[in-house]
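First up is the structure itself, then whatever we jot down about it.
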Amino acid sequence: MISYEYRNNVIRYKHEKVNLCDTPQQTNFRSYFGYPQPTHDLILSQGNTANLKRKEVYCNELLLDVDNPEQLEPVIGLLRNLGWNYKQYTTGNRGAHFHVRIKPIVGEYVPYSIKQLLRRVGLFDRVDTSPIHPAGQFRQEGATHEKTGKKKALTYSQEGLIPSVPYLVEPPPVVDRHSESDEHDGFMYSYLLLTNVDVGDRYKRLYAIMQHGIRAGEGLEAIKRDLLAWNANLDTPHNTESIIQYHEMIARQL
């Protein structure tokens, strides 16, 4: 049995129970990956989707999110040159989604393997890869965008090859004790907190701030305070609860 998590919001709030189901549900979001029984049972036992790194996940579809309109034509060109099948959707906002059927793959390193495939074919830097992790969420067809009120809708369907994803084992990180990475991460952490960002790129910015902050040795509570201050200085800030929820969600991923 393969189950997926279904949500109406990209963030599951603390009062909401994990909704795992092995049949499709009409919600706004669904987990990027499916969960085999052992992972399914772990999620239910802990009541959330934390600590899923190196746990088995299932995938039979690449879900590609193109946030930047300038990348739309290059992504379409790459998919056509590869000869892959795909379905193109509006997102309800300014971007586009592409769904590509793949031969089913299951294992601990499926997210890593997918990212490496996207690197190899030239798609990695053109799409938003932040949902490609074991707890990642992706907007479903028919979902209503919370900002525009518009629905995600199919605009084009292309028959083609059903690609296989080579299964790769993620190598352990290389630790260079003479590296200046801590200094670099500290600089990037400060730089990202002091610069503005377009509305459509804010999740990426939040993820990057937390990633560099943790690498630089900042504590999670200190990072949360800095994020709230950064958000308050934006031209159109998120509400405080959203920033705290994003902070908690990204902390689980990292």
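Read-outs throughout are calculated quantities, based only on the coordinates presented, and are distinct from any laboratory measurement. Quick caveat: nothing in here was measured; it's all calculated off a predicted structure. Cβ sites come from the backbone with ideal geometry, for glycine too, and all protein chains shown count toward neighbours.
I need the shape label for region 4-158. Rule: rounded when a/c is under 1.5, else prolate if a/b > b/c, else oblate, with a, b, c from the alpha carbon gyration tensor.
Here region 4-158 falls in the oblate category.
Collect residues whose amide H, placed 1.01 Å from N in the peptide plane, falls under 5 Å from the amide H of Ser3; neighbours closer than 5 in sequence don't count.
Tyr35
Please list 3J(HN,Hα) in residue order for region 201-218, calculated via the Karplus relation 6.51 cos²θ - 1.76 cosθ + 1.60 where θ = phi - 60°; whole Hz, with x for glycine and proline.
10, 5, 5, 4, 5, 4, 4, 5, 4, 5, 4, 5, x, 5, 5, 7, x, 6
Please list, by residue number, every one of the chymotrypsin sites (Phe, Trp or Tyr not before Pro) in region 1-102 that is coil in DSSP and has at most 15 other beta-carbon atoms within 10 Å.
Tyr13
Grab the other residues whose beta carbon is less than 14 angstrom from that of Asn28, score K and R as +1, D and E as -1, and report the net.
My count for the surroundings of Asn28 gives +4.
If you stretched the chain out fully between Ser164 and Asn51, how much longer would it get, using 0.36 nm times the residue separation minus the C-alpha to C-alpha distance?
Gain on stretching Ser164 to Asn51: 38.0 nm.
So which of Lys204/Lys224; Lys87/Lys151; Lys115/Lys204; Lys53/Lys115; Lys14/Lys224; Lys17/Lys151 end up more than 19 Å apart, counting from Cα to Cα?
The answer is Lys17/Lys151.
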